[in-house]
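Computed from the coordinates by the stated procedures, all read-outs in this text should not be read as laboratory data. Note that this is a predicted model, so its numbers are computed, not measured. Cβ placement follows ideal geometry from the backbone for every residue including glycine, while neighbour counts extend to all protein chains displayed.
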């Protein structure tokens, strides 16, 4: 297995200039606001992981996830998180038990929340990718 390849995915889902954030119910990152996502399962591509995790965590069906960046997370870089962005989704948010809360948020309002590390940078990059389309 290649240790540089992503093993988890998250997605910035954007609607009318706002991004869907979740408040994690469990460790890791319990009680912090972040993008929905999770760990890759055997036999999945990283895109398939992103699509499945979004369906499981927030009940949305996403299409055309566009790559934003890969970010090492955890004390020893245990997780290599592939971040995607999309505006292409269907459904209504139905949060799983892994999600304590969720909200559509203007990225400028991020300052008021306790978030995962450098989420502001991640969102700036995600919105930049959208602007290129």
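For segment 37-88, a residue qualifies if it is outside any loop (DSSP other than H, G, I, E, B), surrounded by 20 or more Cβ atoms within 10 Å (Cβ to Cβ) and in contact with a helix residue (DSSP H, G or I) (Cβ under 8 Å, 6 or more places away or on another chain), and the qualifying residues are 37, 62, 68, 71, 82, 83, 84, 85.
Just wondering, is there one or more residues in segment 14-35 that are buried (at least 23 other Cβ atoms within 10 Å of the Cβ), more than 16 Å from residue 102 (Cβ to Cβ) and within 14 Å of the chain's Cα centre (by Cα)? Looking for residues that are buried (at least 23 other Cβ atoms within 10 Å of the Cβ), more than 16 Å from residue 102 (Cβ to Cβ) and within 14 Å of the chain's Cα centre (by Cα), one finds none in segment 14-35, hence no. Scanning segment 113-133 for residues that are in a loop (DSSP other than H, G, I, E, B) and under 16 Å from residue 11 (Cβ atoms) gives 116, 133. For segment 99-112, the count of residues that are part of a loop (DSSP other than H, G, I, E, B), surrounded by 12 or more Cβ atoms within 10 Å (Cβ to Cβ) and in contact (Cβ under 8 Å) with a residue 12 or more places away in the chain is zero. Beta carbons closer than 6 Å, at least 6 apart along the sequence or on distinct chains, pair a first residue in segment 67-81 that is at negative phi and in contact (Cβ under 8 Å) with a residue 24 or more places away in the chain with a second that is surrounded by 15 or more Cβ atoms within 10 Å (Cβ to Cβ) and assigned to a loop (DSSP other than H, G, I, E, B) for 70/6; 80/6; 80/7.
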